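Structure first, commentary second.
The values are calculated or read from the model by the stated rules, or taken from the named source; none is laboratory data. Bear in mind that the values here come from a model prediction, so they are computed numbers and not experimental data. Note: ideal-geometry Cβ built from the backbone for every residue, glycine included; neighbour counts use all protein chains shown.
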Amino acid sequence: MSRRPQAAPPSAREEALAPEKVDRDSIMFRRLGAIIKPYRLTFAACLLLLPAISGLSLVQPWIIQQAIDHHYVPRQIDGLGLLLLAYAATLVGEFALRFVQFYLMEHAGQRALRDLRCQVFEHMQRLKIAFFHRNPVGRLMTRLTTDVDSLQEALSSGVVTIIGDVFTLVGIVVILLARNWHLALVTFAVVPLLIGISVIFRILMRRAYRLLRVKIASLNALLQESVTGMSVIQLFTAEGASRQQYDAVNQDHRDASFQSIRYDAILYALAEMISSIAIASIIWFGAGEAASDLITLGALVAFIEYVQKFFIPIRELSQKYALVQSALASAERIFGILDEDDLIPEDPDPLPIKALAEKITFEDVWFSYQPAEEGRWVLKGVSFEIARGQKVAIVGHTGAGKSTLIGLLTRMVDVQRGRILIDGVDIRRLRLADLRALFSIVLQDGFLFTGSVRDNIAMHDPAMADADIRRAAAIVGVDKIIERAPEGYDRHIQERGSNLSTGERQLVTFARALARDPDVLILDEATANVDTETEALIDEAVAAMLAQQTSVVIAHRLSTIQRADQIIVLHKGEVAEVGAHASLMAREGLYNKLVTLQKARMNDTEPTP
C-alpha cells in the first residue's frame, strides 16, 4: 500500500503568527476598533438604524394578531385591508433600512480594510530583507488577500448583525414576558443550554479556523513556488513528485476545512433542534391555554411568531460564530505582521546628505547573518576606502562576502562591529531614504515588473522626465530595441519580463539604474547572465559615464574588472589584497591565481580550430 506523502509542517514563524494558547479576543477587537475609528460616524449611523429595523420586525407579529383576533376569527372584513397595508409597509420599511445599513457598512468596511492593507504593505516595506527570507511569498500574500477578506465578511455580515440581533432579542424578551410570562419561561429554559454549547464550540471553532488559516497559507506558498519554478519542474520531469507534494498540502487544507465545517454543522444542528423543541413546547402549552380561553388564538400565533424570531438569530449563531472566529483568527495573523519589529532602525535625528562629496570608508567591519554564532562571521575586520570618481572592483571566490558588502553599504543589513562612513559620517546617522538615493544597483537577475518599459525604467516615479528615461536607454543601447516595437516605450512587459530575452531584461535594468543619475553605480554580477555581445554593448555604453562617476563592480569576468582603478580581493571574509590589476598580477598572490585559473577555464572552453 502506498503511503500518502506528508506535507511539510508550517514553519515556526507561521505558527508564531497564529498563537494557540492565548485568548486575545479583547485585544483583537480593540485593534480592529482602531482600524475603523476614522469611519466611526458611518458605523455609528449603521448602529442607530438597528433599533428602527428591530422595531419594524417586532411590530409584524402584533399586526398578525390583530388580523386574526379582530377579523379572521369574528369573520370581520372591514379594516382588514388597512392592517394588510400596514404589514406591507413594515416589510418595505424594514427592507429599505436594511439596504441602507448594509450599504453604509460595506462602504465604511471596505475603506477601513483598504487602510489596513496599505498599513500592512507599508510596514512590510520597512522590514529587513531577512523577514522575507523567513516567510514564503504565498504566506505573505495570504495575509493581504484571504485574511483581509475574512475581516471584511465579518464586518459586513458578522459583528453588526450580532448587535442587531441583540436589539431584537431584548425586544422579544420584553414582549414575551409582558404577554405571557409562563410561556416565556418555557422559551427561556433552553437558553442556558444554548449558551453553554456556544461557549464550548467557540473554543473549538477558533482553533479550527487558526489551523485552517495556516493550511491556506501553506497551500498558497507551495502554489506560488511551484508556478514560479514551473520551468525547472518540467525540465527535471518532476511533475509527478510536485503533484504529489501539492496533493498532500491540498489534502491537509481539505482536512482542516472539514474540521471547521464539522463544528459549524454540529452547532447549527444543535441550535435548530433545541429551538424546535422550545417551539413545540410553546405550541403544546399554548394550545391548552387557548382551549381554556386564557389566551386568544391571535395572541398564541403572535407569541409563536415572536418565539420563532427569537430563535432565528440563535439558529444562525453557528454561521455568525464562524465568521467572527474566522475574522479573529485572520486578525491575529494580520496584526502579527504589524507587530514584527525586525525593522531597519533609523536615527531619530538624522543628518542631511545630498551627494557623495569625498569617499566611502569601511572601517573594521564585521558581519554575520547569525549573530548568536560569532564563529560564523561572513566578514571579518574589513577595511578599505572608495574615493569619489573611482571605479572599484570587488573579486573573490563564491561565499567570500562580496555581495554582503553591498548589502551593508545600502543598509539592507547592518554591521555588528565597525562602521561604514560616507564623507566621515556613519551611515546609520543618515536617513535611510537619503542613503539609498545615493546608489543605483544592477543585480545579476534583473527583475522587471509588469507594466510598460517606461514604468520599469522610471520605477513609477512621476517626477522623472521622459527625456531622462530616453537618455538612459540610449546610453546602454536599449533604445534601439525599445523603438523596434510598435508601442515603443509603452511596450507592455509581462510578469518578470518573460516576453524579453535575458540580455534585453538586463539592458532595461541598466537603463533604470542610470536614469536616476546616481552618485554611486553598483553592479553586482550584472553581466553574469548575458552573452558576450550584450556584455560588450553594456561595457562600451557605460564606460564614459563610469569614468565620471563612482562605481563598485562585483564580477568574475576579466573584461569587467581589469580596467578598475582599484581591485579589492576578498578571501574568506577578509581583505586579502588591494591594488590595480597590473600591481596585483606582479605580486603573484591570490588575485594572480584567480586570474590564471579564469584564463585557463576560458582557454578550455574555446573551440579548437
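Restricting GLY424, GLY418, GLY399, GLY407 to those that are within 22 Å of VAL569 (Cα to Cα) and exposed (fewer than 15 other Cβ atoms within 10 Å of the Cβ) reduces the list to GLY399. For the stretch 29-45, the candidate set comprises residues that are modelled with pLDDT of 85 or more and in contact with a Leu (Cβ under 8 Å, 6 or more places away or on another chain); within that set, the residue that is surrounded by the most Cβ atoms within 10 Å (Cβ to Cβ) is THR42. Check the stretch 159-179 and report whether any residue there is touching a Cys at 6+ places or on another chain (Cβ under 9 Å) and over 20 Å from ALA271 (Cα atoms). Yes, some residue in the stretch 159-179 is touching a Cys at 6+ places or on another chain (Cβ under 9 Å) and over 20 Å from ALA271 (Cα atoms). Restricting attention to the stretch 64-91, the residues being of a type outside the set (Asp, Glu) and assigned to a loop (DSSP other than H, G, I, E, B) number 6. For the stretch 412-456, name all the residues that are among the hydrophobic types (A, V, I, L, M, F, W, C) and in a helix (DSSP H, G or I). Selection gives ILE427, LEU432, ALA433, LEU435, ALA437, VAL453. Scanning the stretch 113-149 for residues that are over 12 Å from the mean Cα position of the chain (by Cα) and of a type in the set (A, V, I, L, M, F, W, C) yields a total of 5.
Among the conditions (1) at pLDDT below 90; (2) part of a helix (DSSP H, G or I); (3) of a type in the set (Ser, Thr, Tyr), THR527 misses just one, which is (2). On the basis of being among the aliphatic types (A, V, I, L, M), in contact with a Leu (Cβ under 9 Å, 6 or more places away or on another chain) and under 30 Å from ALA299 (Cβ atoms), does LEU183 make the cut? Yes. Look at THR410 and say whether it is assigned by TED's automatic domain parsing to the domain that holds VAL553, in contact with a helix residue (DSSP H, G or I) (Cβ under 7 Å, 6 or more places away or on another chain) and within 27 Å of ARG563 (Cβ to Cβ). It is true that THR410 is assigned by TED's automatic domain parsing to the domain that holds VAL553, in contact with a helix residue (DSSP H, G or I) (Cβ under 7 Å, 6 or more places away or on another chain) and within 27 Å of ARG563 (Cβ to Cβ).
Could you list, in sequence order, all residues of the stretch 48-95 that are within 20 Å of PHE310 (Cα to Cα) and in contact (Cβ under 8 Å) with a residue 60 or more places away in the chain? Selection gives LEU50, PRO51, ILE53, SER54, GLY55, SER57, LEU58, GLN60, PRO61, TRP62, ILE64, GLN65. The listed residues are VAL227, VAL249, and the only one of them that is loosely packed, with under 12 Cβ neighbours inside 10 Å and either among the hydrophobic types (A, V, I, L, M, F, W, C) or assigned by TED's automatic domain parsing to the domain that holds ILE312 (or both) turns out to be VAL227.
Answer yes or no: is there a residue in the stretch 203-216 that is surrounded by 17 or more Cβ atoms within 10 Å (Cβ to Cβ), part of a helix (DSSP H, G or I) and touching a His at 6+ places or on another chain (Cβ under 6 Å). Within the stretch 203-216, one or more residues are surrounded by 17 or more Cβ atoms within 10 Å (Cβ to Cβ), part of a helix (DSSP H, G or I) and touching a His at 6+ places or on another chain (Cβ under 6 Å).
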